[in-house]
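Each remark here refers to the structure printed beneath this line.
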Amino acid sequence: MKCPKCGADNDKVIDTRPSDEGRAIRRRRVCIECEYRYSTTERAEVLGMKVVKKDGTRQDFSREKLMAGLASACSKRPVSNANLEKIVDEVENSLNDQRNHEISTNAIGEIVMERLKKLDKVAYVRFASVYRDFTDIKSFTDEVEHLSTNNQE
């Protein structure tokens, strides 16, 4: 593991503990060269999980792509990176728990939107505008009005 501060490839693990309800391992490390301390997380990959895209093509599930989509939706919003990581972890855990090895982008989008709706309404609308594929302004405004009505209750 390369040190994020000096780039040296010489570190020592000083603490290891389970994380994310046992689905990951968190390691505390120290660089031998500059003595910088940092943490890493190891988790099992979602092997064999295929995402079925809207055009019918299949791709391997990518945690990084999901994180990038969330980061885009939450751009300039008061949403921490930790909250985004938590959503990605929850989606990944949900996929790991399924017996099916294929899932549609729409199904993933619904899982994400459910969590974003509770976290940040603007980020939710941004994300929904991509995954719900609004065909016209009316369907978009209907979604915003529905969100606004449910928020007042």
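What the table shows:
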item: So E64, is it among the charged types (D, E, K, R), surrounded by fewer than 12 Cβ atoms within 10 Å (Cβ to Cβ) and closer than 22 Å to R126 by Cα; result: yes
item: Residue under evaluation L84, criteria (1) free of Cβ contacts under 8 Å to residues at least 60 places away in the same chain; (2) assigned to a loop (DSSP other than H, G, I, E, B), criterion not met; result: (2)
item: Matching residues, segment 62-80, being in contact (Cβ under 8 Å) with a residue 40 or more places away in the chain and either outside the structural domain of I108 (by TED's automatic domain parsing) or within 20 Å of A24 (Cα to Cα) (or both); result: L66
item: Selection within segment 1-31 - among the acidic types (D, E) and either closer than 30 Å to N96 by Cβ or in contact with a strand residue (DSSP E or B) (Cβ under 7 Å, 6 or more places away or on another chain) (or both); result: D11, D15, D20, E21
item: Residue count for segment 115-147, restricted to those that are part of a helix (DSSP H, G or I), exposed (fewer than 11 other Cβ atoms within 10 Å of the Cβ) and more than 24 Å from the chain's Cα centre (by Cα); result: 4
item: Filter result for the condition that a residue is surrounded by 16 or more Cβ atoms within 10 Å (Cβ to Cβ), at pLDDT 85 or above and not in a helix (DSSP H, G or I), over V112, V79, V91; result: V79
item: Filter result for the condition that a residue is under 22 Å from A82 (Cα atoms), in contact with a helix residue (DSSP H, G or I) (Cβ under 8 Å, 6 or more places away or on another chain), not hydroxyl-bearing (S, T, Y) and not assigned by TED's automatic domain parsing to the domain that holds V91, over R27, R23; result: R23
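The values are calculated or read from the model by the stated rules, or taken from the named source; none is laboratory data. Just so it is clear, the structure is predicted and the values come from calculations on it, not from any experiment. In this analysis, Cβ positions are derived from the backbone assuming ideal geometry, glycine residues included, and neighbour counts consider all displayed protein chains.
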